[in-house]
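Peer 1: I am attaching a structure below and will ask some questions about it afterwards.
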Amino acid sequence: IILRFANLFYPIKFDHSHSGRLGHFVGINSLYLENKRNKISKKNSIEFFIHDKIISNIQIEKMFSKELNFLSHNFYPILKINKLIPGGNKLFVNYRADYLDRRVIFEHRNIYDSNKINAPLLKFQKSDLELCKEQMKGLSLSESDKIIVLNLRDSNYLKELYPHNDFSYKTQNVDINNYLMIVKELINKGYKVIRTGLNHKKKLNLLNNKYIDLYSDGYRTDLLETYIISKCILYIGSFSGGSTPAEFIFKKPSIITNQIPITDIHSWSRNLFVIFKKIFDKKRNKNISLSEYFELLSADFGPELLNATKDSRYKGSSNKNIFSKYNFNDFDIIENSETEIYDVVFEALKKIESNNLEDKIINQENLEFKFKFKENLNKYPLLKKFHK
């Protein structure tokens with residue numbers, strides 16, 4: 001009642017900070033801040049973001065809090081009660097009348113190209129920087145080292161964080177053993193590889209002082225991990241929330257391996273290299289094509305198979321579907337091979353080390369992919385909302 005009365009004089013808005021899940025916390029709030037700085041979203045209100053009980057990264061929360069107004073989870077009833085009282089929607093910062101427009105925000109889709117400036121979005125405090133530099137010395141890391149970050153999703157992170165939830169449907173998890181060859185090769189070429197992330201299940205079977213697993217080796221803190229990401233020359237990840245600080249906050253050249261589903265690529269970023277999990281059609285004994293991937297997503301079971309959001313975005317302009325007589329068990333999902341990972345890493349490094357991320361050299365495969373992707377996207381008008 002007090003808030004409704006106050007809004008008669010000056011708008012006060014609230015929303016969820018999504019602090020419990022790193023990807024949403026970083027992605028949603030980064031784009032909000034970018035849009036605000038670039039005056040894409042004009043604000044004439046006081047705005048507060050209410051945390052979950054869990055804060056996925058204390059250091060990132062600390063850096064965001066210099067720019068955004070956060071409230072503890074004790075204020076969460078404000079969000080719940082506003083939804084129940086008529087007219088409450090207009091008090092939500094990110095409310096949109098259209099469901100898919102709300103999903104664009106929740107999935108942190110940068111449809112405005114607002115993070116095209118490569119300067120870091122957030123800054124460290126001087127005292128934090130000094131502490132990190134001391135900790136880096138303890139790990140035999142120097143400011144001149146060429147650091148490559150490895151952050152790979154496996155099933156244990158969410159299981160440890162939310163033990164009572166079922167995340168068995170997730171298909172983004174990867175096997176770290178497929179990355180052993182690239183880590184060894186990077187070390188041989190003088191890079192230092194640091195694995196970040198929390199609660200991972202599998203360790204890489206490698207003993208080398210140029211490879212550090214922050215969590216398994218007992219060095220990981222939110223501060224040190226965030227600082228190392230800010231200092232890396234390349235980030236190698238998978239499609240998970242752990243990849244968002246490198247991409248959204250520090251604007252680091254990043255590789256997303258084992259991307260699934262293909263339609264969720266962050267198509268706005270020139271700093272991003274992406275390779276995809278392949279979908280093997282057991283009936284036809286071959287991998288499906290890019291166009292067929294879109295069709296599979298429009299099949300009844302397709303979104304569940306590919307861990308895509310099941311909603312109206314995949315309703316295409318044609319009712320015919322080559323997978324209408326298929327079912328969930330007719331497909332295998334295949335992870336990237338060691339060779340595929342090797343190829344994309346050194347393609348990226350060649351561009352980074354020659355300071356040529358924006359090169360205009362035409363790559364025929366990329367050109368063909370881009371053409372086919374846009375051609376298929378045009379068949380799904382609602383899905384176009386998720387790409388600029």
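The values are calculated or read from the model by the stated rules, or taken from the named source; none is laboratory data. Just so it is clear, the model here is predicted, and its values are computed rather than measured. Note that we place each Cβ from the backbone using ideal geometry, even for glycine, and neighbour counts take in every protein chain shown. Protein only, heavy atoms only, side chains kept; ligands, DNA and RNA dropped before computing areas. Shrake-Rupley method; radii C 1.70, N 1.55, O 1.52, S 1.80 Å.
Peer 1: When ligands, DNA and RNA are left out and all protein chains stay put, how many square angstrom of accessible area per residue does segment 267-350 have with a 1.4 Å probe? Don't jump to the answer; show the numbers that get you there.
Peer 2: Values: 4440 Å² over 84 residues.
Result: 53 Å² per residue.
Peer 1: Would you mind calculating the relative contact order of the chain from Cα pairs under 8 angstrom and at least 6 residues apart, reporting the percent as a whole number?
Peer 2: On the way: 561 pairs, mean separation 63.4, N = 388.
Relative contact order here is 16 percent.
Peer 1: I'd like the trypsin sites (Lys or Arg not before Pro) in segment 182-263 restricted to DSSP loop residues with at most 11 other Cβ atoms within 10 Å, sorted by number. Can you show the working numbers first?
Peer 2: Details: sites: LYS184, LYS189, LYS192, ARG195, LYS201, LYS202, LYS203, LYS210, ARG220, LYS231, LYS251; in loops: LYS189, LYS201, LYS202, LYS203, LYS210, ARG220, LYS251.
The qualifying sites are LYS189.
Peer 1: Which value results when the Cα radius of gyration for segment 225-370 is divided by 2.2 N^0.38 Å? It would help to have the intermediate numbers written out before the result.
Peer 2: Values: Rg = 17.1 Å, N = 146, 2.2 N^0.38 = 14.6 Å.
For segment 225-370, the normalised Cα radius of gyration comes out at 1.17.
Peer 1: Please work out how much length the chain gains when fully extended from SER144 to ILE81, using 0.36 nm per residue of separation minus the C-alpha to C-alpha distance, in nm with one decimal.
Peer 2: Once the chain is fully extended between SER144 and ILE81, it gains 17.4 nm.
Peer 1: Now for a different question. How large is the helix-only mean residue ellipticity at 222 nm for the chain, computed as the sum of -39500 (n - 2.57) over DSSP H runs with n ≥ 4, divided by its residue count, in deg cm²/dmol to the nearest 500?
Peer 2: Working: 13 runs with 125 residues, N = 388.
Value at 222 nm, helices only: -9500 deg cm²/dmol.
Peer 1: Another question, then. Could you calculate, for segment 329-388, the ratio of the Cα radius of gyration to the Kirkwood radius, expressed as Rg to Rh?
Peer 2: Using only Cα positions, Rg/Rh for segment 329-388 is 1.08.
Peer 1: Okay, moving on. Hey, what does the equivalent ellipsoid look like for segment 143-278, semi-axes from the Cα gyration tensor as sqrt of 5 times each eigenvalue, largest first, whole Å?
Peer 2: Working: eigenvalues 95, 70, 45 Å².
Here the semi-axes work out to 22, 19, 15 Å.
Peer 1: Still on this model: Please compute the length gained on full extension between TYR112 and ILE352, using 0.36 nm multiplied by the number of residues separating them and subtracting their Cα-Cα distance. Show your work: numbers first, answer last.
Peer 2: Numbers: separation 240, 0.36 × 240 = 86.40 nm, distance 2.51 nm.
Result: 83.9 nm gained on full extension.
Peer 1: I'd like the FRET efficiency for ASN199 and ASP343, computed as 1/(1 + (r/R0)^6) with the beta carbon distance as r and R0 of 22 Å, rounded to 0.05. Don't jump to the answer; show the numbers that get you there.
Peer 2: Working: r = 30 Å, r/R0 = 1.36.
Step by step, r from the Cβ atoms, then E = 0.15.
Peer 1: Kirkwood hydrodynamic radius (Cα pairs, Å) of segment 78-120? Walk me through the intermediate numbers first.
Peer 2: Details: mean 1/r = 0.0809 Å⁻¹.
Result for segment 78-120 stands at 12.4 Å.
Peer 1: Once you treat every alpha carbon in segment 226-281 as an equal point and sum by Debye, what is log10 I(q)/I(0) at q = 0.13 Å⁻¹?
Peer 2: -0.31
Peer 1: Related question: Ignoring any ligand, DNA or RNA, what whole percent of the accessible area of the chain comes from carbon and sulfur when the probe is 1.4 angstrom? Can you show the working numbers first?
Peer 2: On the way: 10460 of 20010 Å².
C and S atoms contribute 52 percent here.
Peer 1: Would you compute, for the Cα atoms of segment 20-139, the largest minus smallest coordinate along each principal axis and list the three values in descending order, in whole Å?
Peer 2: 56, 34, 24
Peer 1: Could you give the length gained by full extension between LEU71 and ARG96, i.e. 0.36 nm per residue of separation minus their alpha carbon distance, to one decimal place?
Peer 2: Using 0.36 nm per residue and subtracting the Cα-Cα distance, I get 6.8 nm.
Peer 1: If you don't mind, there's one more thing I want to ask. Which aspartates and glutamates, if any, have their Cα less than 19 Å from the Cα of LYS62, not counting same-chain residues under 8 positions apart?
Peer 2: ASP15, GLU34, GLU47, ASP52, ASP128, GLU130, ASP222, GLU225, GLU247
Peer 1: With r defined as the distance between the Cβ atoms of ILE333 and ILE2 and R0 fixed at 56 Å, what FRET efficiency is calculated, to the nearest 0.05? Write out the running numbers ahead of the final one.
Peer 2: On the way: r = 52 Å, r/R0 = 0.92.
After rounding to 0.05, the efficiency reads 0.60.
Peer 1: Another question about this same structure. Taking Cα atoms of segment 200-246, Rg/Rh with Kirkwood Rh, to two decimals?
Peer 2: Details: Rg = 11.4 Å, Rh = 12.1 Å.
Ratio value, two decimals: 0.94.
Peer 1: In addition: Taking every eigenvalue of the Cα gyration tensor of the chain, multiplying by 5 and rooting it, what semi-axes result, largest first, whole Å? Don't jump to the answer; show the numbers that get you there.
Peer 2: Details: eigenvalues 212, 184, 79 Å².
Working from the Cα gyration tensor, I get semi-axes of 33, 30, 20 Å.
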